[in-house]
Ligand code: HT7
Ligand code: ZN
C-alpha cells in the first residue's frame, strides 16, 4: 500500500463552486447523477481534473455538454483524470452503486432497511466521482427520490426547498445547503423513522427547528439527546458567541455505525448508542456519553464545518479543538468545582489508559501526523485526546479570556476556509501577543514527554528552588526530540496541608503558579517560603506528560489528605496505589503460591478509609479516589508484562479493601442510595457510582451478605445503572446466582439492542469468561459480526478488556484475535483495524506470550486479501 506524506500536499487543480446531486434510491441499484461547476484553481500546480471514485460504476460522463469517451479520460487506482479541460467546466456524471452490498458502512449503505451515508473521511468517493478532499468546498443542492411507502422520510443537509409525489408510488425531496462545505460533510437519509421535534429560540431571535429521528418504538428514548442539543446550542452562544447558522438541525440515529457520530452539516448521523436513553435501558455513563457526543457534533458546526481542515493531516485542528470544547461544556454543565475536577480526572484516565500507550507503541504519531497509509487509522486518541490537551494548554497559558480572544481571531480570519493547525496556533499567538514557535513541537513531535522535578528548601534564605527536567523518548521515525513548551502548574503545601502564597521572581502568583518550562532543565525560585513545603506539581494535569518520581510515600500521603487541587489529590492516591500494585504484581509473579502471602499496608488502607468516609467530599470524587488504576495501566509500567500476575495483584487489593473496609463500604452503600425517581444529574450519578463501587468491592471478597445485597439490588433496581452494576457484581463474584441473573436480564431486554450489547460486554470482560465461553456466545442468535456495536461488545471487549483470559498461556486468545480480524476485514475494514490494534503492545509481554503474539500478527499480515487499514496496523506492529 501507498504511504501519503504531509509534505507532498499540493492544492487542488480545480475548485468546485456548485454541486447538484440527484439520487434515485434503490437498495440494489442506486443511480446517482451529479452536475458540478468547476473552475481552474489559480493556485494549482497540476493541470488535469482529478476525481476520486471507489466501488462505483461510471455510466456516463459529460464535459460542457459533450459525452466523453474512454480516450478522453483515464480511470485507474480509484482516480478519474481528465487531462485537458478548459478553465471553466460543467461536468455531468452518472454512476451506479449497490448500497445493500455495502458492509463497510462507508459511503451509501443500508441499515435495517434504511439508507444512510457516512462520508468522513473518504466515503463520498463511494457515492460519486468527486475531488474528495477537504480543501474543495462547494455549495450542494440535493434531490432525493425513493419509494414513498418504504422511505417516507428523505433528509439531506441544509434547508428543505421542496417535496412532493412522483409516479409509481415514489416521492422526492429537494434540499439546499446555503454554506460551502467539503464533500466529507455531505449526508442523506432515506428511511422509515419518527422524530421528536421542537422549535428553539436562538440568541439572535430566530427560531430553529430541532429534530431527533429514530426508529419507531424509540421515541421514549430521545428526550435526553434533545435536551443535550438545546444545552449545546445555548452554551456555544454564551461561551463563544457562536450561533446555529441554519433554520433546522437534525440528529438521526442508526444502529449500524463505525464510530460514535458524524457532524454532517445540519444532519448529524449518530450511532444509536449516543442518542437513545431512558432510565430503564441506559446507565449514567450512557447519559454522560450522549450529552458529550451530541455537544461534540454540534460544536463541529463551527470548529470543523465553518472552518475546516486543509488536508487530513490537520485532523486534530477540528477534532482536538472540538473535544476540548465538549470537555469544557461537560464541566460547565456540572457547574461545581469538584464536578469539574471529576470530569478532568476522567480525561486524565483516558489519556493514561489509551493515549500514553499509543504514544509509546508502534502507532505513535504526532498530533499532526506526517504520513499515513489509511486515514481512517488516524482517528486516534492522539489526534483527539492529546489534541484536546494541546488546545487546553493555550487556555492554561493565556487564561479563559485570552483563549476566547484567540478563538475570535481564528473565526475572523478563517470562516469558510480550509486551514492548518498552524493557523490556529497563529491566531492564539497573535491574539495574545505571544511568540509560540516552540509550542509547534506539540504538533510535530510524537511521544509523551517525561517531566521530573527536584525541590530544595533553603531555611536560611527562605527559598524553595524547584528544578524541572524534561525529556521525550524516541518514537518510530523520530529518534531525537527537542524540548517542549510545557505549562507546569505548581502549588506548595505547608506542614498543615494549607496552600502557601507563592512569590516567583518577585511576583505574587496566588496559590497556583503556571511555570513555563521551555528548556531541558530549568530552575524556578519561590521566595518567602517559611517552612519545608510539599510541592504539588502539574496541578489540574496542566500538560500531557508523565511526571516521574520526586515524591516520597509521606509526600503522597500529605497530598492525598490535603491538596486543594482535587486532580492532584486524586493523583497522589493513584500513585500510592500504583506503587503497591507494582510491588504486589512482582510478588504474585514470583511463584504460584505467592498470591496467598500478598499483603497490603495499613497506612494505605487508612488513607483510603479517610477519603471514603469524608462526608465533606463529593461522592463522585471519593469514587474516583477509591478506584484503582486498571490492569492495563499497571501493565504499562512494566518492562515485561505477566497479565496473570497483574490480575492477581489487583484482584487481591480489591478483595482486601472489600474485607478491611467492609463496615465503611456497607455504610456508604446505604448512605448513597438515591431514593425517588431516577435522574442522570451529576450529583445523583456520583452517589450511584460510590454506592456501586462499594458493592463491587464487597463482592470482590464475597460473603453471603454481599451477594444477597447484589441480588437484592438486581431484583429491585428501577434503573439500568444499578441493575447493570448489580449484575456485574454477581458475575465477578463467581456465584451460581450470576447465571440466573444473566438469563433474567437477557429475557427482559432482548428487544433492546443496546442492552443486549451490555449483556455481551459484561460477560466478555469477566475474568471467568474463557475463550470457549466467548465462542459459545458467538453462536448466540443475537450475535453478529456485521453490526459494529455487537462485534465490539463481545470480540473487542474480550481481546482488549479481558487481559487475563485473552493472554491465556496457550496462545488461544491470539489465534482467536487473528481469526476475527480476518473475518471482520472481509466485512468492514474500519472495525477490523480497530480490533487489530489490540496487539499494539505485543513486544512488552513475557517471551512465551510474545512469540505467540508475533505469530498471530504474522498470520494476519500474511493474508493475500487484506485491507490497507489492517495491513498498515499489523505492518507497523511487526516493523
Ligand atoms: N468526525 C467524525 C469522524 C467519523 C468517522 C471517521 C472515519 C470513519 C467513520 C466515522 N464516523 C465519524 C466523528 C467526530 O469526531 O465527531
Ligand atoms: Zn469530532
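We did not get these values from a lab; they are worked out from the coordinates using the rules stated. Remember, it's a predicted structure, so these values are computed and weren't measured experimentally. No Cβ is skipped: glycine too gets one built from the backbone with ideal geometry, and neighbour counts run over all protein chains shown.
Okay, here's what the table says:
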item: Relative contact order of segment 664-820, pairs being alpha-carbon contacts under 8 Å that are 6 or more residues apart, as %; result: 14
item: Nearest-ten-degree value, helix 704-716 long axis tilted from longest Cα axis of the chain; result: 30
item: Debye-sum result for segment 687-745 in log10 I(q)/I(0), which assumes one identical scatterer on each alpha carbon, at q = 0.28 Å⁻¹; result: -1.20
item: Pairwise label distance in nanometres, residue 45 with residue 192, each label 7 Å out on the Cα-Cβ vector; result: 5.4
item: Length gained when the stretch residue 24-residue 746 is fully extended (0.36 nm per residue, less Cα-Cα span); result: 255.9 nm
item: Protection-proxy order for peptides 59-66, 467-474, each taking the mean of Cβ atoms within 10 Å per residue, highest first; result: 467-474, 59-66
item: Those residues of segment 88-129 whose amide nitrogen sits under 16 Å from the label point placed on residue 786, 7 Å along Cα→Cβ; result: 98-106, 109-116
item: Helix 602-612 axis, angle to the chain major axis (alpha carbon atoms, nearest 10°); result: 60
item: Gained length - residue 170 relative to residue 681, 0.36 nm times residue gap less alpha-carbon distance; result: 179.4 nm
item: Label zone at residue 160 (point 7 Å along Cα-to-Cβ), backbone N below 20 Å, segment 81-116; result: 114-116
item: Span from the segment 122-176 Cα centroid across to the segment 556-594 one, whole angstrom; result: 56
item: Exposure proxy order (Cβ contacts within 10 Å, fewest to most) of 441, 723; result: 441, 723
item: Chain lengthening between residue 64 and residue 592 when straightened (0.36 nm per residue, less Cα-Cα); result: 182.2 nm
item: Between 0 and 90°, nearest 10: helix 553-562 axis offset from the chain longest Cα axis; result: 70
item: FRET E, pair residue 408, residue 503, Förster distance 30 Å, beta-carbon r, rounded to 0.05; result: 0.35
item: 440, 636, 571 arranged by Cβ crowding within 10 Å, fewest neighbours leading; result: 440, 636, 571
item: Förster radius 25 Å - calculated FRET efficiency between residue 613 and residue 715 (Cβ-Cβ, nearest 0.05); result: 0.30
item: Relative contact order (%) - segment 450-543, alpha-carbon pairs under 8 angstrom, separation at least six; result: 36
item: Fewest-first ranking of 757, 740, 284, using other Cβ atoms within 10 Å as the exposure measure; result: 740, 757, 284
item: Relative contact order (%) - the chain, alpha-carbon pairs under 8 angstrom, separation at least six; result: 8
item: Tail beyond 39 Å, pair distance distribution of the chain (Cα, percent); result: 43
item: Two-site label geometry, residue 605 and residue 203: point separation in nm, points 7 Å out along Cα→Cβ; result: 5.5
item: Cβ crowding within 10 Å averaged over residues, with 556-569, 120-133, 420-433 ranked highest first; result: 120-133, 556-569, 420-433
item: Distance-filtered residues of segment 354-393 - backbone nitrogen under 13 Å, label point 7 angstrom along residue 879 Cα→Cβ; result: 361-366, 370-374
item: Point-to-point label distance, residue 823-residue 561, nm (Cα→Cβ direction, 7 Å offset); result: 5.6
item: Mean residue ellipticity (222 nm) of the chain, computed from DSSP H runs ≥ 4 via -39,500 (n - 2.57), nearest 500; result: -12000 deg cm²/dmol
item: Förster radius 60 Å - calculated FRET efficiency between residue 521 and residue 670 (Cβ-Cβ, nearest 0.05); result: 0.70
